[in-house]
1. Ignoring any ligand, DNA or RNA, what whole percent of the accessible area of the range 289-434 comes from carbon and sulfur when the probe is 1.4 angstrom?
2. Comparing SER79, SER184, SER389, which has the greatest mean-square fluctuation in the GNM of the chain with Cα pairs linked when under 10 Å apart?
3. Work out from phi, with θ = phi - 60° and the Karplus expression 6.51 cos²θ - 1.76 cosθ + 1.60, the ³J(HN,Hα) of each residue of the range 113-129, listed in order in whole Hz, and give x for Gly and Pro.
4. Could you provide, to the nearest whole Å², the per residue accessible area of the range 119-231 with probe 1.4 Å?
5. Let me check I have the definition right: for the chain, take the eigenvalues of the Cα gyration tensor, multiply each by 5, take square roots. What are those semi-axes in whole Å, largest first?
6. To the nearest 20 debye, what charge dipole does the chain have about its Cα centre, counting +1 at the Cβ of each Lys and Arg and -1 at the Cβ of each Asp and Glu?
7. How far apart, in nm, are the 7 Å Cα→Cβ label points at GLU293 and SER185?
8. Go through ASN120, ALA301, PHE173 and say which Cα lies farthest out towards the positive end of the charge dipole of the chain; charges sit on Cβ, +1 for Lys and Arg, -1 for Asp and Glu.
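The values are calculated or read from the model by the stated rules, or taken from the named source; none is laboratory data. Everything quoted here is computed from the prediction, not taken from an experiment. So basically every Cβ, Gly included, is an ideal-geometry build from the backbone, and we count neighbours across all protein chains shown. Protein only, heavy atoms only, side chains kept; ligands, DNA and RNA dropped before computing areas. Shrake-Rupley method; radii C 1.70, N 1.55, O 1.52, S 1.80 Å.
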Amino acid sequence: NNEKSVPQLLIRDLKFEKKSLAKLMFSPDQENHPSKAPVKYGELIVLGYNGSLPNGDRGRRKSRFALFKRPKANGVKPSTVHIACTPQAAKAISNKDQHSISYTLSRAQTVVVEYTHDSNTDMFQIGRSTESPIDFVVTDTVPGSQSNSDTQSVQSTISRFACRIICERNPPFTARIFAAGFDSSKNIFLGEKAAKWKTSDGQMDGLTTNGVLVMHPRNGFTEDSKPGVWREISVCGNVFSLRETRSAQQRGKMVENETNQLQDGSLIDLCGATLLWRTAEGLSRTPTVKHLEALRQEINAARPQCPVGFNTLAFPSMKRKDVVDEKQPWVYLNCGHVHGYHNWGNKEERDGKDRECPMCRSIGPYVPLWLGCEAGFYVDAGPPTHAFSPCGHVCSEKTTAYWSQIPLPHGTHTFHAACPFCAHQLAGEQGYIRLIFQGPLD
């Protein structure tokens, strides 16, 4: 074991210039003139994308979506309830110029709840449909996919009109989430098979087929954050414990003391994609892309070296985040020793997937390291000292620790922790590893 004779460093040992980094810690909004900037309610960031969609962000289909105060309020609130004896009568009641929710109880009875304009709120709709009522088009996330062609073959489980977020137009700009969105006819239609019921105050409520799940973290979205409990949100915004399986007919128990109000760091699962909600205030405390770029340059300036080839390693620029570079650092995931790419220690009898680390002889996967570029996923502004396993995405220690504890919905009835940057299921004891770099020999 020749480990002791070689100078090693952890990134935390690098003397990061606290002051220079502090200057970069303001959000992009604060760089512009705050008086002229429109009010931002918050942003939705899709888990599994490291800063942009594989083929680039286009129009309403992108990896993150900012919710700004609209020039004119477009929110709606429930008003008149009609009980119709036939679906035809129900259709006549729900005219195309008025928002309404139709609950089909049986072939003989449908309840239609009309919604009226609310001048105090703005409504934003999210779903798979590209029709005009959808503000943010979300497609299924395929872990680690590099192009949209990887994702198209999958039969989508995301609803065309999955959910809506209603934001108060006045401070504190509270955002609330509701299952289901209004379609092009301004209607939400819950068919006979959907779970639905009459509430104690005589109103109707229901759940969508695959449901909209929400998890609010404890202690906000900070370095002290802890995972909360996953809940299901109804069409009227009530909170329920989870059903036995995603689309079971029987609803969970109502959770009286919790609300559908989104907090900084709330996760929204649409059964096929999970979104992170960040408030404008939360984002102002989050590292910016400039800050992450400064950290990248600090690591590269320390000239970490490959202990085998003695060549200097460097993280590629954030724009080249999918192409393996010749100077790219690689890591042995069992021990955390960082190297340049080399063919040493290949174990052919192990399918070539496992390699023996030249530093400590531990055997395990050997993968390239990638910087986590989506700043919205970071819980703090710490240096990039740790990597998720098995994908090799690098970020701060507290960020890896936080995401490794979060059980993310997977399929219709399982949960597992995943890397927020690529959605790969985490492996190993912790799901992440501390990186050990070797310093220059001079």
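1. Numbers: 2990 of 6180 Å².
Carbon plus sulfur share of accessible area: 48 percent.
2. SER79
3. Using θ = phi - 60°, the values come out as 9, 7, 10, 10, 4, 10, 6, 9, 9, 10, 10, 10, 10, 10, x, 7, 5 Hz.
4. Details: 4920 Å² over 113 residues.
So the range 119-231 comes to 44 Å² accessible per residue, rounded to a whole number.
5. Details: eigenvalues 433, 110, 60 Å².
Ellipsoid semi-axes (Å, largest first): 47, 23, 17.
6. Numbers: 52 positive and 44 negative charges, 151 e Å.
Here the chain has a charge dipole of around 720 debye.
7. Each label point lies 7 Å from its Cα, and together they span 5.0 nm.
8. ASN120
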